[in-house]
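Visitor: This is the structure, below, for whatever I ask next.
Where a number appears in this text, it was derived from the coordinates with a stated rule and is not lab data. Everything numeric in this text was worked out from a predicted model, so none of it was measured.
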Amino acid sequence: MTGLDDVLDAVGPRLRDLRTRRGRTLAEVADQTGISVSTLSRLESGLRRPSLDLLLPLAQAYRVPLDDLVGAPASGDPRVHPRPQRRGNRIFIPLTPHAEGVHAFKMILPGRTGDPIAQNAHAGYEWIYVLSGTAHLKLADSITVLATGEAAEFDTRTPHGMASADEHTVELLGLFSPQGEQIHIKDA
């Protein structure tokens, strides 16, 4: 067996593991990709050889790079190339590739404009660390000032929002858990 055969043989179990970890059925994946349930089943069991026309829609459906599906070796380039996302006047840079579990991100807040701090609330728990600048963290009606090097964590069901405390840009590192687990582990 060649190295290529080994790589291709590992694709099926990798696809099955990815689908089950995401809690999806073959029928759900088939509906999303247009690939029949029987073809998906044969791919996962190794009875069908994976091809690019099957793997591309699966990579899109699972939101993973094609390299992850085939287990491609690392290129040797350790750099990460996240795509910044602009939300209003803020910039979010996702640092984790998948939508499940804890989300890591960098957030850049522009200097204060004098506008009130917009708040929202949703299920989950968040931890933030100020990389540079001074931030106002508003939780319900209370404002906490966080300087460079300080961190905070909070239940995101509480109305919350953040803004620069002054005219300078603020850079934050954040972790968000949609399941609501606290990030900080407290000693007993």
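Visitor: Normalise the Debye intensity by I(0) for segment 85-177, one equal point scatterer per Cα, no solvent, then take log10 at q = 0.12, 0.13, 0.14, 0.22 Å⁻¹ and round to two decimals.
Guide: Calculated log10 I(q)/I(0) at the listed q: -0.33, -0.39, -0.46, -1.20.
Visitor: Using only the alpha-carbon atoms, what does segment 1-85 span along each of its principal axes? Please give whole angstrom values in decreasing order.
Guide: Result for segment 1-85: principal-axis Cα extents of 41, 38, 22 Å.
Visitor: Please give the direction-averaged projected area of the C-alpha convex hull for the chain, in square nanometres with one decimal.
Guide: Reported value for the Cα convex hull: 14.7 nm².
Visitor: Moving on. Please state the relative contact order of the chain as a whole percent: Cα pairs under 8 Å, 6+ residues apart?
Guide: Averaging sequence separation for qualifying contacts and normalising by length gives 18 percent for the chain.
Visitor: Something else about it: Just to check I understand the Karplus step: with θ = phi - 60° and J = 6.51 cos²θ - 1.76 cosθ + 1.60, what whole-Hz values come out for segment 27-39, glycine and proline as x?
Guide: The phi angles translate into 5, 5, 5, 4, 4, 6, 9, x, 8, 5, 4, 5, 5 Hz.
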